[in-house]
Amino acid sequence: ELINCLRQTLQSETELPQRRLHAACLLGAWESSDKEGAAWSDPATATLVAKELVVQNPILTSQYRDVLRSQSELLKGPLADLFFDPGLDGTSRQVIAGLLADYAKEDAATLVRVLLNAEPGVDRTIFPMLDPLRDQVVVHLEDILKKTVNPEWGDADVVSSWPGPPAEVRAGIEAAHGLIRDRIAFCLEIPLSRLLSISESLRASGYRPIRLRPHTGAVTDDPKMAAVWIRDGRRWAISAGVKADDLPKPGIDAERDGLLLEDLSWISGTGAQAGWLTLWCEGLTSEERRRCIYAAKSGQFEDLQKQLAAEEFKFQRTIFAADSVAGGSEYSAVFSNIGPSSQTVLVWGGEELHGRPQCDLTALPTGPLTLADPRESFREQLVEIQALSAEQLERPAIRLKRAVALYWTDQPEQALADLDWLTANLSTPSAEVVQYRALVLAQLQRPDEAGKSLTLLRGVSDDQLTVAYVSILFAAWKRDVASAVSELDAFVGLNPQDEDSLYGAARSAAQAARVFNRLGMSAETVEFENRAVELLQRAVDAGFSKGAELRRSVDFAELHQNARFLTQVQQLVPAGSFSGVWSADPLFETRIVQASTTEAAMQQVQLLLESAWRPLSIAVASQNSTPIYLVLLQRPLVSESQLESLALQQAAAATVLLRLRVPASVWPMLRDSSGPRVRSYLLDQLRSHGLDTATLLARLSSEEDVGSRRSLVQALGEQAAGNLLTAAEKTAAIAELGARFSSDPDPGVHGMCEWSLRQLGADEQIRQIRSEFSKGATVGGRRWYVTKSGGGDEGGGGISMSIIDAETEFLMGSPIAEAGRYGGADSRPDQEQLHRRGIKRTFAIGMQEITVGQFQQFLRNHASNRRYSETDDAPVNTVTWYDAAHYCNWLSRSEGLPEDQWCYEPQQVFASGMKMRPKCLELEGYRLPTEAEWEFACRSGTLTSRFYGSGESLLSQYARYARNSGEGGMVPVGTLRPNGFGLFEMYGNAMEWCQNPPLLVGSSVVELVGDTESMLSRTILDTTTRTARGGAFNSFGSGIRSASRVSFP
């Protein structure tokens, strides 16, 4: 009877919690939990008791612990779960730790789980419990280091009433070079008739088709198809042989019997299925609407796209291309009013675009390469401008746009009227106005006036290509062939190996051929066409790869029938090209499998299926009778919070292994990687836990890997920063790091030694070594050096420089899912478009920001704001771009560099109108870094949003910014942890000027973007915008990222 009474008390939610706890204690002692109906056989009892134990008077905890020991196996799980309740205070966690130290003393998994999330007090309770379970604990910890975060699709459960796919259907799909899995199915080659019947057979099992696409060139009554299905049970329907008149018009919703248009493709031939193949499905929500475009030529397609976007149909779901009767391709697509914005590339080589997930792809029809007339876009612009109001037509930007369009459509008289108006009404006509006025006047055979405009252009434009281009055409219109040849040769000679310069020269030669053709000079036309083709080939050989730009360039419009030119285009945009659609969806990532056989494609796809990738679309093209299979796959992105959570857990596990002196599996984690989250958190945790310094020093002395050496040096610095070293350990660390500071050739190790020595209080050693190496050149093969001059009054040598090899390309910008990204996933224009960038040179960059004291060596009376830079070793501030450039020339002179190696023209006023030297990127003098150089240096080989990882929890250790600057300003340079190239305070503190204006890269760019002199403005004006990088002491965290950029005039 008493047991029954106690059970009632325990189960009553109206009883006082302490009475329920006491009832559970008595029941735990009096009845076995194995007995059916026993109170402790219900997991809720252990959960209730665990919650009550942590709120009892801690003095009584030991008594409860003893009473409940018989139920310890049942309690340790709920107690461990409760430990992670974010609402618990430190005292409650300490209570739980004490209970688990008793109840879980033989349970390695539970002890490890709690220890990895323990505060210092809990750590002191739990860590000693590990030693008796050492072998088991090590296994658990090493298993944690092997963990990965897998993408989660979040699928609803498969409906129990859905039968499995019939065996004959499964066999049919596999015979068609496909697979059927629990959630997806696909096949690469299947006759249309068989495809339709298989799709119907899969309906009962919950599968629905999402892409049904014919192979390019499949002109038969039963063409080969590629297909993708997903298993979500939504309603769907297929219609084959649909006539164009029965398709929804672009301005009408694409809806039929409650279903929305999912996909459409054209089936060639004369069979019963010939015509449009349409696929319909149930919408995602009742608010979704869809529209479509079908059989539109490229220009019409783009116009219709704009119309649909204006009507809120911004998300293009599909793209399909088919042969046009008139030649070329016709495009079809489905659009939705729900979803992110999207972008289409109608001619695309199958490469992956970085930063955005792809929605669909289609193979372009095979056949002779045909190029659209790029002048057509100017004709369309004129039609658009004609529809503008009189007020709009008076705007200078519209006038200039119309003048350019008139020039390229051979209407020079009308173009001149707009250019004359702009010249008369603008206080300072732009270089573009002057350029086109010179071209138009030359075409109108008014050489004197054209010559004056050309002279003016040379004064207002710092673009050597533009000036050369106009000069060549000016000579051509005067029939001065010798001068045209001379001007062309002179321009080529300036940068004979530069791909962009050679491409510009090819454009100039092609336009000169156009001029000679207009003048009836056939021999000269052929000569300059040949020169254009030859220069273009030299550009390709030098690395030019912008096939899409070449196809669209109006300069080459009259070479579209030239066989050699078409061959070159074919090189850059091969036959069997594709079209693609990309979206601004930050939740997914995509990748492409490309293969020439079904076997190779299947092998690659099957491997990816094991990593949560799923097919989304398939395109099959033909190139020289060889098939090309492109399979587009997608999967959900793993969230940053998941990656950060795992990184913290793995860093904690690695820390425990080091404390247990089982480091073998930890050492590889110290190496450099593109995603350094775990290493950064591990090094951060070492500031709170004492390690065996002798082990660290021994490993450092034998370590050959550069990244690991740098990490070990930082580990010693973190131990010093946490006051965890004895006096003897400090002495040993200073001796080792001091020697390495002077001897290690890697700039990253050198920089980290400086930081760690500073944590050890060895500032005098730092000054002595810097003074010893203050020679203005590298010593003994080191990848760093110290300048002879510019060191400031505080002594310690000159300016430390890190030598960086940037021969390999890198990804510049940010992926659309990056937290804090300017403008978010759908920024327009995209300031941080992720793209391939190639610097292709080695350069040296300062390891620390220029200080107040260093800058005053150049400009003694410079007035820094002392509220923000309180000491002479803090960064100089209130520095204009002109001041910064002038300082660079001063440093070149101070270092004794020949004047012809200075990057800015000497003997000039550093103000509006100042000039950079030609080939400044090749000179030895000091200058500001280009934006690409700055970001390459900042990233130091990483792909994460910050060079240490992505989260903001560690940012204060690497950046002085709004969160940790408070009412103060900037910290002395070298205070915070450097990056992998040894560069300090790349984030926050003071913004850092860059050399070039901001470059906006289009989201459809797949080619490697160079970092060349053509991107620089040789003449700098007050109106010239310049970029500043890194953020400042008052910037928010979102602005403290490797890709973050701002610009100022």
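The values are calculated or read from the model by the stated rules, or taken from the named source; none is laboratory data. If you're wondering where the values come from, they're calculated on a predicted model, not measured in any experiment. Backbone-built Cβ (ideal geometry, glycine too); neighbour counts: all protein chains shown.
For the stretch 62-81, how many residues are touching a Leu at 6+ places or on another chain (Cβ under 7 Å) and closer than 24 Å to THR655 by Cβ? Residues flagged as touching a Leu at 6+ places or on another chain (Cβ under 7 Å) and closer than 24 Å to THR655 by Cβ within the stretch 62-81 amount to 3.
Selection over the stretch 180-195 of residues that are crowded, with 18+ Cβ neighbours inside 10 Å and either assigned to a helix (DSSP H, G or I) or within 36 Å of the chain's Cα centre (by Cα) (or both) gives a count of 9. Filtering the stretch 536-546 to residues that are in a helix (DSSP H, G or I) and crowded, with 23+ Cβ neighbours inside 10 Å leaves LEU536, ALA539.
Has the stretch 718-727 got any residue that is under 30 Å from GLU818 (Cα atoms) and not β-branched (Val, Ile, Thr)? For the stretch 718-727, residues under 30 Å from GLU818 (Cα atoms) and not β-branched (Val, Ile, Thr): present.
Which residues, counting only those in the stretch 918-938, are assigned to a loop (DSSP other than H, G, I, E, B), crowded, with 19+ Cβ neighbours inside 10 Å and not aromatic (Phe, Trp, Tyr)?
Of all residues in the stretch 918-938, those assigned to a loop (DSSP other than H, G, I, E, B) come to 918-919, 923-930.
In the following step, the residues that additionally are crowded, with 19+ Cβ neighbours inside 10 Å were identified as 923, 925-930.
Answer for the stretch 918-938, where residues must be assigned to a loop (DSSP other than H, G, I, E, B), crowded, with 19+ Cβ neighbours inside 10 Å and not aromatic (Phe, Trp, Tyr): LEU923, GLY925, ARG927, LEU928, PRO929, THR930.
Yes or no: LEU21 over 29 Å from SER688 (Cβ atoms) and in contact with an Asp or Glu (Cβ under 6 Å, 6 or more places away or on another chain)? Before you say what the answer is, go through the steps one by one.
Details: over 29 Å from SER688 (Cβ atoms): yes; in contact with an Asp or Glu (Cβ under 6 Å, 6 or more places away or on another chain): yes.
So LEU21 fits the description; yes.
Within the stretch 794-843, restricting attention to residues that are under 14 Å from the mean Cα position of the chain (by Cα) and of a type in the set (A, V, I, L, M), the residue that is farthest from GLN343 (Cα to Cα) is ALA819. Between GLY820, GLY738, GLY795, the distinction of being more than 30 Å from LEU834 (Cβ to Cβ), at pLDDT below 95 and not hydroxyl-bearing (Ser, Thr, Tyr) belongs to GLY795 only. Of the residues making up the stretch 223-234, at least one is farther than 13 Å from CYS281 by Cβ and assigned to a loop (DSSP other than H, G, I, E, B). Considering (1) surrounded by fewer than 17 Cβ atoms within 10 Å (Cβ to Cβ); (2) closer than 19 Å to SER41 by Cα; (3) in contact with a Phe, Trp or Tyr (Cβ under 8 Å, 6 or more places away or on another chain); (4) not charged (D, E, K, R), say which one GLN71 fails and leave the rest. Exception for GLN71: condition (1).
I'd like to check something: does the stretch 501-518 contain any residue that is over 23 Å from ALA563 (Cβ atoms) and surrounded by fewer than 20 Cβ atoms within 10 Å (Cβ to Cβ)? Taking every residue of the stretch 501-518 in turn, none turns out to be over 23 Å from ALA563 (Cβ atoms) and surrounded by fewer than 20 Cβ atoms within 10 Å (Cβ to Cβ). Residues in the stretch 458-487 that are touching a Ser or Thr at 6+ places or on another chain (Cβ under 7 Å) and within 24 Å of LYS919 (Cβ to Cβ): ASP462, LEU465, VAL467, ALA468, TYR469, ILE472, GLU487.
Screening the stretch 459-492 for residues that are out of contact with any Gly (no Cβ under 8 Å at 6 or more places or on another chain) and at pLDDT below 90 and picking the one that is surrounded by the fewest Cβ atoms within 10 Å (Cβ to Cβ) gives GLY459. Go through the stretch 261-280 and give me each residue that's in contact (Cβ under 8 Å) with a residue 40 or more places away in the chain, part of a strand (DSSP E or B) and over 34 Å from the mean Cα position of the chain (by Cα). TRP266, ILE267, LEU277, THR278, LEU279, TRP280, listed by residue number. Within the stretch 240-262, the set of residues being surrounded by fewer than 16 Cβ atoms within 10 Å (Cβ to Cβ) and either among the small types (Gly, Ala, Ser) or under 19 Å from ASP360 (Cβ atoms) (or both) comprises GLY241, ALA244, GLY251, GLY258.
The criterion of at least 3 residues that are modelled with pLDDT under 90 and either buried (at least 16 other Cβ atoms within 10 Å of the Cβ) or over 32 Å from the mean Cα position of the chain (by Cα) (or both) is met by the following strands (runs of 3 or more DSSP E) wholly inside the stretch 324-386: 342-348.
For the stretch 22-38, a residue qualifies if it is buried (at least 17 other Cβ atoms within 10 Å of the Cβ), of a type in the set (Gly, Ala, Ser) and in contact (Cβ under 8 Å) with a residue 24 or more places away in the chain, and the qualifying residues are ALA24, GLY28, SER33. Once the stretch 978-1011 is narrowed to residues that are over 20 Å from the mean Cα position of the chain (by Cα) and either surrounded by fewer than 20 Cβ atoms within 10 Å (Cβ to Cβ) or aromatic (Phe, Trp, Tyr) (or both), the residue that is farthest from SER1047 (Cα to Cα) is PHE981. Of all residues in the stretch 20-40, those that are of a type outside the set (Asp, Glu) and farther than 24 Å from ASP85 by Cα total 12. Checked across the stretch 402-417, the condition of being of a type in the set (A, V, I, L, M, F, W, C), touching a Phe, Trp or Tyr at 6+ places or on another chain (Cβ under 7 Å) and touching a residue at least 60 places away in the same chain (Cβ under 8 Å) holds for at least one residue. Quick check on this structure: which one of ALA647, ALA651 is at pLDDT 95 or above, within 22 Å of the chain's Cα centre (by Cα) and assigned to a helix (DSSP H, G or I)? Answer to the selection: ALA647. Here are some residues: ALA296, ALA310. Which one is assigned by TED's automatic domain parsing to the domain that holds SER336 and crowded, with 16+ Cβ neighbours inside 10 Å? Selected residue: ALA296, the only one of ALA296, ALA310 that is assigned by TED's automatic domain parsing to the domain that holds SER336 and crowded, with 16+ Cβ neighbours inside 10 Å.
The lone criterion from (1) touching a Cys at 6+ places or on another chain (Cβ under 7 Å); (2) closer than 30 Å to PHE588 by Cβ; (3) of a type outside the set (Lys, Arg) left unmet by SER814 is number (1). Considering each residue of the stretch 428-446, count those that are surrounded by fewer than 22 Cβ atoms within 10 Å (Cβ to Cβ) and modelled with pLDDT of 95 or more, and give that number. Counting residues in the stretch 428-446 that are surrounded by fewer than 22 Cβ atoms within 10 Å (Cβ to Cβ) and modelled with pLDDT of 95 or more gives 4.
Can you tell me which residue in the stretch 17-48 is farthest from LEU68 (Cα to Cα), limited to those that are within 57 Å of the chain's Cα centre (by Cα) and aliphatic (A, V, I, L, M)? Checking each candidate, the answer is ALA44. Across the stretch 387-418, the qualifying residues are those that are assigned to a helix (DSSP H, G or I) and polar (S, T, N, Q), and the one among them that is surrounded by the fewest Cβ atoms within 10 Å (Cβ to Cβ) is GLN392. Note on the stretch 39-68: among residues that are of a type in the set (Asp, Glu) and surrounded by 13 or more Cβ atoms within 10 Å (Cβ to Cβ), the one that is farthest from ASP89 (Cα to Cα) is ASP42. No other residue among ASP303, ASP232, ASP263, ASP222 is in contact with a Pro (Cβ under 7 Å, 6 or more places away or on another chain) and either of a type in the set (D, E, K, R) or under 30 Å from LEU609 (Cβ atoms) (or both) apart from ASP222.
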